[in-house]
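One structure below.
Here, each number is a calculation from the coordinates, and none is a lab measurement. None of these values were measured; they are calculated from a predicted model. Methodologically, a virtual Cβ is constructed for each residue, glycine included, from the backbone with ideal geometry; neighbour enumeration extends over all protein chains shown.
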Amino acid sequence: MLHERIGELVADQEYPATTGDLIDAHGDRSLELQNGSETVGEALAHLPEERFDSPEEARDTLYAAVSGKAIGRPGYSDRDPTPPGSREGPEPVSF
């Protein structure tokens, strides 16, 4: 699972750490995503320089930074309700 893999990557990092520190230490590591892969460096490259005080902060940021390749079916959810005011969406079904 991607979340566990990212946690393993950042667990041994010395903290506090910056985005640059993570790229230097793990930038070439590949993350296998639902629809392809990307490196840690690619995922973090578009973020501003941040400081992380714990592995949890770094993990959450990296997890959120991966590209759309991590999305199985873009725009699909079988659990989210149709947003208020939206005219699109499935017809309600009564069970």
Ranked from highest to lowest mean number of other Cβ atoms within 10 Å per residue, what is the order of the peptides 16-23, 44-51, 55-62? 55-62, 16-23, 44-51
Would you mind calculating the relative contact order of the stretch 2-69 from Cα pairs under 8 angstrom and at least 6 residues apart, reporting the percent as a whole number? 40
Determine the gain in length on full extension of the stretch Ser54-Ser37; use 0.36 nm per residue of separation and subtract their C-alpha separation, reporting nm with one decimal. 3.6 nm
Within the under-11-Å Cβ sphere about Asp21, not counting Asp21, Lys/Arg +1 and Asp/Glu -1 give a net charge of -3
Roughly how many debye, to the nearest 20, is the charge dipole of the stretch 2-69 about its Cα centre, given +1 on each Lys and Arg Cβ, -1 on each Asp and Glu Cβ, and no other charges? 260
